[in-house]
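Data block below; observations after.
The values are calculated or read from the model by the stated rules, or taken from the named source; none is laboratory data. Computed from a predicted model, the values in this text were never measured in an experiment. With ideal geometry, Cβ positions are generated from the backbone for all residues, glycine too; neighbour counts draw on all protein chains shown.
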Amino acid sequence: MSPMESINEAYLQLLASDPNTCVALGFGSNLNNLPDPSLEEVARIRQAAVKLQQDATELAGTLSDFHEQLDMRLIALSAGQHTLRSSLRFNDRLQVQQLPKAGEEISSGIFYLITNDPRPAAQRLENILARLQQIPSYLEKMLSRLDTPVARWVKVDLETIAGLPDFFETILQWAEEEGFSHKDQLGAAIDNANSAMADYAETLSRLPTTHSFAVGHEQAQALVSSNGIDLTLAQIHQIACDFVTRTRQQIEELRETLVAKHALAGTTTASELQTFLERQHAVQVTDGKLEHVIERYQSIAKELEIFVKERSLFPIPDQQTMKIMQTPAFMAPMIPAGAMMPPPAMRDGVRTSMVYLTLSPELLKEHTELGIPLMMVHEGIPGHHLQLSTAAMHPSVIRRTFSANEHAEGWTTMLEDYMLDQNLMGDLTDEARFVTKLDLSRIGARVAIDLYFMTGDLSYLNIGYELEFNHEDPFANAAKLLIAATGFSAGRAQAELNWYSQERAYPLSYLVGNHLVWQLKEDFQRATAETMTPDEQDRSFHRIYLESGNMPVAYLRKVFEYELQRSLLSTPTLLPS
């Protein structure tokens, strides 16, 4: 085995150490297990990641082939992320000692086994049964790991755990429908799991807790850098400030245009205009048949693919498909609104994304003829589905599996404007852009809140909204900004803040990615202005972006530089660094 093959194998072993990652990526191993939450396992993974990072970095320095060297640097970066996550400290303890995630870790792998696994139901139910039987021992290990956990995270875990008995009941119903031969064992495992979870919840609720969860500026910067983002916290904050100023101005200009177009009162607010447009462009449902909404999503997804193909805007591989369906009744408790599951990167065959929509009369207003096309742009072709299914076909293991949030979210948020510029919505372009800009307003607030939650520095919340933040509870301050930026209800805002607080440096990736992707495209256009037409520039940019696989945008910039240097341009031009 060559050094590169050995490092690739060590990288796959690092990924496969988490059974939930095995399910999500489509591995055929470790499917019967729950993760091991013990501190001993955390230390073991950290040790393996440190060695992998060292080995990949050393090998990268000896390689002359551009793509081989890039793959090794990506593996080193991924290993470094594992190391950092397992080493994060605040309150004089590791983060993992203060973060109870039993509900999520128990349910997420089982959820994927149900929703996005093509194997026969009996095989998947065998895996689920084995996992359910391990819940009591898993919970004991989780409790032994915890030391003065964060109060908000305890609340989140207790709420998640409280919903699992209903989730397990749907699994039992599914097993009965499938005639699962071990249904009685499944029922017994569920009873034991429910009892163990009740004991866990009672013990967890009695633990002493802390309200402090900031990791400080130094670790926050390390988290950003570990994602391959070459920006300081101050630079990221300024990007958010500029975005808020620009977006609020665009929304106001569109509001004025649309108020005049629809002969509305000049005092009509942006929120009132949004309500008006929702009513004007509601999806038509006959006789209360909600499946008509699904049919509209399916139809628009097909129209969108045709639109892209006719204009040759993006390369679309053959071995991919996206399925859009109404959430089955037994899965509805798991998917209260909707979910998009990308193709498992390590699964062979046709790369298939699954889109589940949970419909109800109360949620109908959220599905409009303005919103559905842009949602499909974001989630389908040319969005997440196209990007991730193309990446899943890459011959490099790391480029199939690397999690580059700003790369993925930057791509999709860029596309929403780009496709409107391509006249996707025709005479409704202004209406669609208005509702899109309102929806995108959240990504500026996400940056501010992410930086605030990581550092504890209130000044990061000042991004252009006329607000004062003087509450002792960081969640109250963050909610104030999020509601002002989005109009969310208090309940929805608090639900968003739960994952903002835990998924450090992920919320900021939407806007940072949007900024970096547009910057990369503009630099590419300048570099090729004398050798390509605008249409050729678009097609070349999209091709290189999609076919390069998953990686941070800063690394992708090196790929574009490499492609420009090796092209047949009479005078190769490097992109600005």
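For the range 204-227, does any single residue satisfy the condition of being farther than 30 Å from residue 272 by Cβ, of a type in the set (A, V, I, L, M) and exposed (fewer than 14 other Cβ atoms within 10 Å of the Cβ)?
No, that holds for no residue.
Need pairs with beta-carbon distance below 7 Å; first residue in contact (Cβ under 8 Å) with a residue 40 or more places away in the chain and within the range 442-463, second basic (Lys, Arg); sequence gap 6+ or separate chains. What qualifies is 454/504.
Please find, among 189, 193, 151, the residue that is surrounded by fewer than 21 Cβ atoms within 10 Å (Cβ to Cβ) and hydrophobic (A, V, I, L, M, F, W, C).
Numbers: 189 fails: surrounded by fewer than 21 Cβ atoms within 10 Å (Cβ to Cβ); 193 fails: surrounded by fewer than 21 Cβ atoms within 10 Å (Cβ to Cβ).
After ruling out the rest, the residue left standing is 151.
Return yes or no: is residue 213 touching a residue at least 60 places away in the same chain (Cβ under 8 Å), assigned to a helix (DSSP H, G or I) and not small (Gly, Ala, Ser)? No: the conditions fail for residue 213.
Exactly one residue among 70, 15, 59 is surrounded by 17 or more Cβ atoms within 10 Å (Cβ to Cβ), within 21 Å of the chain's Cα centre (by Cα), at pLDDT 95 or above and of a type in the set (A, V, I, L, M), and that residue is 15. Where helices (runs of 4 or more DSSP H) fall wholly inside the range 436-529, the ranges with 2 or more residues that are within 24 Å of residue 273 (Cα to Cα) and of a type in the set (A, V, I, L, M) are 474-486, 490-502. Among the conditions (1) charged (D, E, K, R); (2) modelled with pLDDT of 95 or more; (3) within 23 Å of the chain's Cα centre (by Cα), residue 303 misses just one, which is (3). Among the residues of the range 328-364, those identified as modelled with pLDDT of 75 or more and of a type in the set (D, E, K, R) are 347, 348, 351. Looking across the range 16-39, the residues that are among the aliphatic types (A, V, I, L, M) and assigned to a helix (DSSP H, G or I) come down to 16, 23, 24, 25, 39. Summed over the range 282-305, the residues that are in contact with a strand residue (DSSP E or B) (Cβ under 8 Å, 6 or more places away or on another chain) and over 12 Å from residue 373 (Cβ atoms) give a count of 6. State whether the residues of the range 517-536 include one that is over 22 Å from the mean Cα position of the chain (by Cα), on the phi < 0 side of the Ramachandran plot, crowded, with 18+ Cβ neighbours inside 10 Å and of a type in the set (Ser, Thr, Tyr). Checked the range 517-536: at least one residue is over 22 Å from the mean Cα position of the chain (by Cα), on the phi < 0 side of the Ramachandran plot, crowded, with 18+ Cβ neighbours inside 10 Å and of a type in the set (Ser, Thr, Tyr). In the set (1) of a type outside the set (Gly, Ala, Ser); (2) surrounded by 15 or more Cβ atoms within 10 Å (Cβ to Cβ); (3) over 24 Å from the mean Cα position of the chain (by Cα), residue 239 fails one condition alone, (3). Residues that are touching a strand residue (DSSP E or B) at 6+ places or on another chain (Cβ under 8 Å) and surrounded by fewer than 19 Cβ atoms within 10 Å (Cβ to Cβ) within the range 89-98 comprise just one, 91.
Of all residues in the range 415-432, count the ones that are acidic (Asp, Glu), buried (at least 19 other Cβ atoms within 10 Å of the Cβ) and within 17 Å of residue 278 (Cβ to Cβ). Please lay out each step first, then the result.
Residues of the range 415-432 acidic (Asp, Glu): 416-417, 421, 427, 430-431.
Among the residues that remain, those that are also buried (at least 19 other Cβ atoms within 10 Å of the Cβ) are: 416, 431.
Now narrow it down to the ones that are within 17 Å of residue 278 (Cβ to Cβ): 431.
Count: 1.
Where in the range 247-360 are there strands (runs of 3 or more DSSP E), lying fully within it, with 1 or more residues that are surrounded by 13 or more Cβ atoms within 10 Å (Cβ to Cβ), in contact (Cβ under 8 Å) with a residue 60 or more places away in the chain and hydroxyl-bearing (Ser, Thr, Tyr)? Reasoning before the result, please.
Values: elements: 320-326, 338-341, 351-357.
Filter on the range 247-360 gives 351-357.
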